[in-house]
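The structure appears below as structure tokens.
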Amino acid sequence: MTTIDNSMTGKVVLVTGATNGIGRVTAMALAQMGATVVVHGRSQEKAEYTVSLIKEETGSNTVDYLLADLASQDEIRAMAAEFKQRYDRLDVLVNNAGAIFLKRKESAEGIEMTFALNHLAYFLLTNLLLDLIIQTGEQYGEARIVNVSSGAHYGPQIVLDDIQSPGIYSGWLAYGQSKLANILFTYELARRLQGTNVTANVLHPGFVASGFAKNNPITRPAMALSSIFALSPEEGAQTSIYLASSDEVKSVTGQYFYKSKARKSSAASYDEEAQHELWKLSKKLTGLTNI
Ligand SMILES: NC(=O)c1ccc[n+]([C@@H]2O[C@H](COP(=O)([O-])OP(=O)(O)OC[C@H]3O[C@@H](n4cnc5c(N)ncnc54)[C@H](OP(=O)(O)O)[C@@H]3O)[C@@H](O)[C@H]2O)c1
């Protein structure tokens with residue numbers, strides 16, 4: 001067991017997809033800094049295990065969990081409501097949970113799964129918690145939203161008319177588009193948050209040997225083999241941890257980071273019209289009216 005360094009004591013952090021990989025290391029590190037950490041998971045067993053692991057490793061008593069399948073908007077709504085029941089502040093939201101699907105699948109609402117899980121879940125959860133995040137920023141001077149994207153966003157354009165991939169489906173293309181959507185969303189969100197004490201940034205963790213792409217029998221062996229060249233989850237989580245906690249980025253917003261440095265994202269990601277149109281479509285698909 002290591003000792004808590006107290007730099008985030010008093011802060012409340014929610015990390016989605018914290019039961020594995022990059023999210024788990026991020027949650028662990030923030031607990032290590034003294035934050036109250038809410039682990040999001042979809043399996044009770046894995047969430048309970050993660051909470052006990054973090055408590056054991058860090059000595060923290062302020063680790064909690066919430067459950068939701070993020071491919072269900074009802075479950076996201078229930079989780080956001082439960083979070084607000086339990087906590088009166090949210091200093092850092094890390095939207096991290098994501099996956100790739102080589103075969104086309106649909107979410108509970110009948111939306112193409114990659115877009116629903118990797119983008120719409122970030123969009124819906126953030127907007128449901130945004131009043132609390134803004135209030136936290138006002139009361140305590142700052143609050144942060146950190147979105148985990150990917151270098152896979154370079155290349156694809158966002159084709160909003162084809163977001164449901166009704167024609168030929170490509171898992172990698174759908175993944176790349178969803179990760180581009182993370183960046184378009186972050187830039188639009190950061191603009192909308194101007195004048196508040198809330199920042200929104202987005203990142204690429206690097207190629208990381210995690211549970212990623214192991215949900216598929218075709219990609220599983222390739223991922224296992226290529227993991228020799230990959231970063232460990234501890235290395236891959238560094239940029240998430242940096243954006244969630246470092247004073248250096250306290251006032252930085254609307255930026256894309258890799259290796260804890262602001263970088264240029266793809267040309268397509270800076271298209272303000274696409275950012276705006278994605279926001280409109282996401283609002284429609286999640287039924288949010290008050291944003
Ligand atoms: N690994 C890489 O090389 C890489 C590169 C670039 C970007 N990324 C991004 O990094 C983020 C984290 O991925 P990772 O590499 O840490 O992968 P991972 O080890 O597979 O972890 C993904 C996390 O997301 C959760 N999750 C997946 N589907 C979910 C659903 N329907 N509802 C709720 N939770 C769900 C998983 O829960 P379970 O534990 O229950 O499965 C797990 O906690 C993702 O956004 C990914 O796109 C990864």
Verdict on A31 being touching a residue at least 12 places away in the same chain (Cβ under 8 Å), under 22 Å from K84 (Cβ atoms) and within 14 Å of the ligand (Cβ to nearest atom): no
Tally of residues being surrounded by 18 or more Cβ atoms within 10 Å (Cβ to Cβ) and assigned to a loop (DSSP other than H, G, I, E, B) across segment 145-164: 5
Helices (runs of 4 or more DSSP H) within segment 228-291 that include 2 or more residues out of contact with any Gly (no Cβ under 6 Å at 6 or more places or on another chain) and among the hydroxyl-bearing types (S, T, Y): 238-245, 272-286
Residues of segment 184-205 classified as of a type in the set (A, V, I, L, M) and assigned to a helix (DSSP H, G or I), total: 3
Among (1) more than 14 Å from the ligand (Cβ to nearest atom); (2) closer than 22 Å to S240 by Cβ; (3) crowded, with 20+ Cβ neighbours inside 10 Å - the single one Y175 does not satisfy: (1)
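Since every read-out is calculated from the coordinates, none of them should be taken as a lab result. These figures come from a predicted structure and were not determined experimentally. Methodologically, a virtual Cβ is constructed for each residue, glycine included, from the backbone with ideal geometry; neighbour enumeration extends over all protein chains shown.
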